[in-house]
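Have a look at the structure below before the remarks.
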Amino acid sequence: MSLRIYNTLSRALEPFTPIEAGHVRMYVCGMTIYDLCHIGHARMMMAFDVVQRWLKAGGMRVTYVRNITDIDDKIIKRAVERGITIRALTDEMIAAMHQDISALAIESPSLEPRATEFVPEMLAIIQTLEQKGLAYQATNGDVNYSVRKFPGYGKLSGKSLDELRAGERVAVQDGKEDPLDFVLWKAAKDTEPEDAKWDSNALGYGFGKGRPGWHIECSAMSCQTLGETFDIHGGGADLQFPHHENEIAQSEGATGKPLANFWVHNGFVRVDNEKMSKSLGNFFTIRDVLRQYDAETVRFFLIRTHYRSALNYSDAHLDDARTALKRMYTALDLVPARTLACIDWSEPFAARFKAAMDEDFGTPEAVAVLFDLATEVNRTQSAQAAGLLRALGACLGVLQGDPKVFLQAGSALGESSILERIAERAAAKAARNFAQADNIRKNLLEQGIALKDSATGTSWEVLK
């Protein structure tokens, strides 16, 4: 079975074939970087980490671009509040983001362009749009996109201009000719710091001092790094409208070519049935969560729900993810895994895993295969099966750690203390003092330590 991906543009699953044979070019809208990343942001980056891992597992070369928005109203406001430059704030937050997502084993993209590095390219697109009659400079100095002059507006979101016409009841502000129009270039304000302003005249364009609007940033960065048409454009479902709709209007209005062949959107993380967001104040930063749960448990929690589905955040769901991982690591702890040079995709478990991932990156079904394979490892004690479990887990970025380290992590008791108690229990059993041996096991269990006896001795793990 060949890879099929759900395309938001067509609202259907479509067979995926890259424009250039063997090479996938993918652009994902990244972070507006003014604060620490929360679990909702991690979910987006994790979704496309799995996508690019699976494309590579299929033998594809992947050029993965995930941008950084480092100029924005919120960034300016936060920098002013802290009394530091915009660059100092964004450098600090980018470093924090890299630290947080690295802990979750989210691989770095091929390129990570910053918006502020592409202002001349943005201005070039804006000038092209103005020359084509799709943009105009308003009386307040802003340059706006004329939405009604782009015939395809609404094709991604499914929103027609008639449906958006309710906005016409709102008074036209900021010199816009139509309430639906959006800003491409924001004229500088006296109250804004100087490092939030670019002189477009000095760069060869006649729009005065200002800064780019949010939407134009991605049009310029994707075009410059991947070309005018590329394979996959991704991001969170909240970006489908208006951000991605506006990207299409800008890019296709300027070039006359499709921006991307596939549009891919991940679902929200929800807390108490509301989308997790900073504006609602119901968010948990990655750092908050990692203080309570190990990174692999958090990663597994994020990937075992299909990327397009809403993901419910709760301690109970994270606890369940930890328990599920322990089941698989327990199998790997009992049977040393044989290192596989490559995966034989005709092997039944591997074939099922591939079929799941080839159907729109179906991680829930793929994870079910991992559970079945762990059961097989326990049943057969096969090092080959254990090696396959590790190899398939690698496609999702899990099951790569030392089983004992994972199973024994998080104990309030030190390892030496636990081993001491295990030795005392062994001595009690040798002396046929089974009551004392049982009391030692019970006492450890009350402290969250489970003992497991086997022909090779007694092992232990932390219960959570």
(message) Distances longer than 12 Å among the Cα atoms of the stretch 239-279: what percent of all pairs is that?
(response) 69
(message) Taking amide H atoms as placed 1.01 Å from N in the peptide plane, list the residues 5 or more away in sequence, or in a different chain, whose amide H sits under 5 Å from that of residue 397.
(response) none
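Using the Cβ atoms and a cut-off under 10 Å, what net charge is assigned to the surroundings of residue 68, where Lys and Arg are +1 and Asp and Glu are -1? Provide the component values of the computation, followed by the final result.
Numbers: positive: 66, 114; negative: 70, 112, 117, 217.
Net of charged neighbours comes to -2.
Among 78, 211, which comes first, second and so on when ranked by fewest other beta-carbon atoms within 10 Å?
Numbers: 78 18, 211 23.
Result, fewest neighbours first: 78, 211.
Among DSSP bridges having both ends in the stretch 4-266, what percentage is antiparallel? Round to the nearest 5.
Details: 16 of 35 bridges.
Bridges in the stretch 4-266 that DSSP calls antiparallel: roughly 45 percent.
Give me the net charge of residue 301's neighbourhood, meaning all other residues with Cβ under 12 Å from the Cβ of residue 301; Lys, Arg count +1, Asp, Glu -1. It would help to have the intermediate numbers written out before the result.
On the way: positive: 43, 299, 304, 322; negative: 294, 296, 315, 319, 320.
Summing Lys and Arg as +1 and Asp and Glu as -1 gives -1.
Counting DSSP beta bridges in the chain, what percent are antiparallel, to the nearest 5?
Numbers: 25 of 47 bridges.
In the chain, DSSP labels about 55 percent of beta bridges as antiparallel.
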(request) Name the long-range amide H neighbours of residue 31: under 5 Å, sequence gap of 5 or more, or other chain; modelled H, no Pro or chain starts. (result) 69
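Where does the charge balance sit around residue 259 when Lys and Arg score +1, Asp and Glu -1, over other residues with C-beta under 12 Å from its C-beta?
-2
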(message) If amide hydrogens are placed 1.01 Å from N in the peptide plane, which non-local residues have theirs closer than 5 Å to the one on residue 269?
(response) 276, 311
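Could you order the peptides 86-99, 361-374, 240-253 from most to least packed, using the average number of other C-beta atoms within 10 Å per residue? Each step should come with its number before you reach the end.
Values: 86-99: 16.9, 361-374: 19.9, 240-253: 22.9.
Listed from highest to lowest mean packing, they are 240-253, 361-374, 86-99.
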(request) For residue 368 and residue 380, compute 0.36 nm times the residue count separating them, minus their Cα-Cα distance, and round to one decimal in nm. (result) 2.5 nm
(request) Going by C-beta contacts inside 10 Å, put 116, 297, 69 in order with the fewest on the left. (result) 116, 69, 297
(request) Counting helices only, and only those DSSP H runs with n ≥ 4, report the 222 nm mean residue ellipticity of the chain as the sum of -39,500 (n - 2.57) divided by its residues, in deg cm²/dmol to the nearest 500. (result) -13500 deg cm²/dmol
(message) Applying a 10 Å radius around every beta-carbon, put 27-34, 190-197 in order of their mean neighbour count, most first.
(response) 27-34, 190-197
(request) Sort 395, 223 so that the residue with the fewest other Cβ atoms within 10 Å of its own Cβ comes first and the one with the most comes last. (result) 395, 223
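So, R0 is 56 Å and r is the distance between the beta-carbons of residue 140 and residue 317; what FRET efficiency does that work out to, to 0.05? Please report the intermediate quantities before stating the final value.
On the way: r = 48 Å, r/R0 = 0.86.
Once the sixth-power term is evaluated, E becomes 0.70.
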(message) How big is the chain along each principal axis, measuring the range of its Cα positions in Å and listing the largest first?
(response) 94, 52, 38
(request) Considering the convex hull of the alpha carbon atoms of the stretch 271-406, report its projected area averaged over all viewing directions, in nm², one decimal. (result) 8.8
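Laboratory data are not the source of any read-out in this text; all were calculated from the coordinates shown. Quick caveat, the model's predicted, so the values are computed rather than measured. When we count neighbours, we look across all protein chains shown, and the Cβ atoms used for this are built from the backbone with ideal geometry, even at glycine.
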